[in-house]
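Have a look at the structure below before the remarks.
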Amino acid sequence: MAMENILSFLGAALRLSTPLIYACLAGLWSERAGVIDVGLEGKMLAGAFAGAAVAALTGDVGIGLAAAVAASMTLAAAQGFVEVERGGDQIVCGMAVNMIGAGVTAFVGAALFAEGGRTPALPREARVLPFVWGQDALTLGAFGVAAITAFILYRTRFGLRLRAAGENPRALDAAGGSVRATRHAAVAVCGLLCGLSGADLSLAQAAGFLPAMTAGKGFIALAALVFAKWRPGAALATCLLFGGLDAAAIRMEGAPLPFLGVIPTQAFQALPYLMTVVLLAGFVGGARPPAAAGQPYRRE
Amino acid sequence: MIARLGRGVPEPAAVGLAALVAMAVCAAAIGENPLGLLRALVLGALGDTEGLAFTLYYATDFIFAGLAVAVAYRAGLFNIGVEGQSLVAGVGLALAALASGGAPSWLAILVASLAAMVFGAAWALVPGWLLARRGGHVVITTIMFNFIASALLSWLLVDPMRAQGSMQPETRPFPPGASLLRLDDALVVLGLSPTGSPLNASLALALAAMVAAHVFLFRSRLGFETRVFGASPTAAHYAGVASTRVILIAMGLSGALASGVAINELLGAQNRLILDFSGGAGFVGIAVALLAGNRPLAIAPAALLFGFLYQGGAALGLDYPRVSPQIVTAAQGVMVLLIGGLLGRRR
């Protein structure tokens, strides 16, 4: 019984971590290349909606996934154009993407399906279903993406350029690399991963889209990114931790803990943010973002 | 591109126009008549006294939130935490208002408003302090503080502050004295027909706050130091400006201004503390401040535009049931992207 409980808790933690892992790695790609992204939430929402809407219309989960990625990458491309080509303020653009994501998904959803912004409930064949140990391909894929991200970042020429674009873009420029191209590529990957994160929410965890269903997960992923100090391995671990907290909160609702008594659910909800603030403030460890993050690059 | 097309047209007007065009295109895309939709938007927001009063009521929130963003921005601080600061201000306001039974109305209102300002400022001062003393990035900390505030409010309202015997996550109603004068009450006294809106005296307070913010930024020594620090921290340092003091004052003022949203919503309309009463006004404030170029006196017209869009969007549903009011959020996003990215680097 105890073993079963632990296994089901771990399974839930894994499922809840999955969208965080994709979104956190998405932010990592963008920010290690020097482009701060507070618009993860908006791109996830676009991915979640496009995935569920297209899966509902076609009945095909593969086309749904492709649509999720395409929608999120479209937003990322617009964001990348304004940020990289026009040197626009990255925080402002990220906030704009969140607004566009929230607004357009609710608007198109209401117009298409006339169910107050929801998509119809998806049948089994239009969803991402668990196939091994109660987990689905998106969850397993998240670990693969983390490994690939770490490999590209630290073991390839492109990864070196990407980190240079985030730490010292002038050096990259002087060495003959293109800061623009590197940052565009990073933002595109960010869009791809945000699309998968959103698709996990609407195609795997739920059977359809609800307005605002990301519910701040894009920002928890951002917190995890800071907490992980912008490193892929630590990002994976932090997302698992935050997902685990979420699963624990659901499980322990109303149940007392030894020595602590009943902990309100809201305390669990606030914990990832509190931990990140404490870390960011340098009380434990400290976190330093990539040196050029947030700065548009202009050639002299 | 748009700046070039609209030469001679002020930028904010061009951006507002672009938002309307974006909405018309969205409407056409789903097979609705775009001109009819825009007409319904304008009539819903400005066509009768009710629409007009609601427009002003929303604009009141947006003036406070826009000022909160703008004052911090002038110090080079991007305060994304106005939403959370409003929520925490609401907690302070409710604590004072609930304890004000028997006090004269003017005193209850004064104390509740001051409590709101103190709580809002305190919630903004923590990220300010973390930045000044510990180097914590203010954008990230204020985002985190939004979520912490939201969790805090939700816990307070399901547990310690919930009205006895109520299942709703809200406090008991404030005592009758702790409420601001509503336009409708005045109209009834004058024998005129009420508007059916919660428009209240907060609007006057918002306009006063706007003038005060202008005077602070452009007519006071501290405001000058704030702007110098915002334009160039290095120059400010060599000029002997104490950075910690500027950061703390700017964030404190920003949080106090954010509390205006709580005053309008709670003392003016709800008369009790409820969940997420600010309804995203803190984020609209970012768009308002950007549109106004962070100039306090330009905040009112910018806030009015967003009040118009929000009321118009809410009223659309009557004639166009297929059009979600969220179309306004999308238009707002397009505007923010245009101003923040494409048009100018107004730093």
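Using the rule -39500 (n - 2.57) for each DSSP H run of four or more residues, divided by the residues of chain B, the 222 nm mean residue ellipticity is -22500 deg cm²/dmol.
How many angstrom separate the Cα center of the range A:172-206 from the Cα center of the range B:266-299? If we compute the Cα centre of each part, the gap is 33 Å. Applying 1/(1 + (r/R0)^6) with R0 = 35 Å to the Cβ-Cβ distance of B:Leu187 and B:Ala122 gives a FRET efficiency near 0.40. Is the C-alpha gyration tensor of the protein assembly as shown telling us rounded, prolate or oblate? Criteria: a/c under 1.5 is rounded; beyond that, a/b larger than b/c is prolate, otherwise oblate. Rounded shape, in that the Cα axes give a/c under 1.5. For the range A:114-153, the residues whose amide N sits under 16 Å from a probe point set 7 Å from the Cα of A:Leu7 along the beta carbon direction are A:131-136. Springs join every pair of Cα atoms under 10 Å in this Gaussian network model of chain A, and among A:Gly208, A:Gly94, A:Gly11 the largest mean-square fluctuation is at A:Gly11. Calculated FRET efficiency, B:Ser105 to A:Ala137, Cβ-Cβ distance, R0 = 60 Å: about 0.40 to the nearest 0.05.
When B:Leu248, B:Leu316, B:Leu181 are sorted by how many other C-beta atoms sit within 10 angstrom of their C-beta, beginning with the fewest, the order is B:Leu181, B:Leu248, B:Leu316. Computed on chain A, with alpha-carbon pairs under 8 angstrom and 6+ residues apart, the relative contact order is 35 percent. Among B:Ser154, A:Ser17, the order by Cβ neighbours within 10 angstrom, fewest to most, reads B:Ser154, A:Ser17. The distance separating the Cα centre of the range B:149-174 from that of the range A:132-158 comes to 43 Å. Modelled spin labels at B:Leu46 and A:Phe259, positioned 7 Å past Cα toward Cβ, are 6.5 nm from each other. This ranking places A:Tyr154, A:Tyr297 by how few other beta-carbon atoms lie within 10 Å of each, fewest first, which gives A:Tyr154, A:Tyr297. Loop-located chymotrypsin sites (Phe, Trp or Tyr not before Pro) across the range A:183-239 with a Cβ neighbour count of 14 or fewer within 10 Å are lacking, with loop assigned by DSSP. For a paramagnetic label modelled on A:Leu57 (point 7 Å from Cα along Cα→Cβ), amide N atoms under 12 Å away belong, within the range A:90-127, to A:108-109, A:111-113. Helix-only arithmetic for chain A: the sum of -39500 (n - 2.57) across DSSP H runs with n ≥ 4, divided by the residue total, places the mean residue ellipticity at 222 nm at -22500 deg cm²/dmol.
Bear in mind these aren't lab numbers, they're just calculated from the coordinates by the rules spelled out. Keep in mind it's a predicted model, so treat the numbers as computed, not measured. Cβ coordinates were reconstructed from backbone atoms using ideal geometry, including for glycine residues, and neighbour counts include every protein chain displayed.
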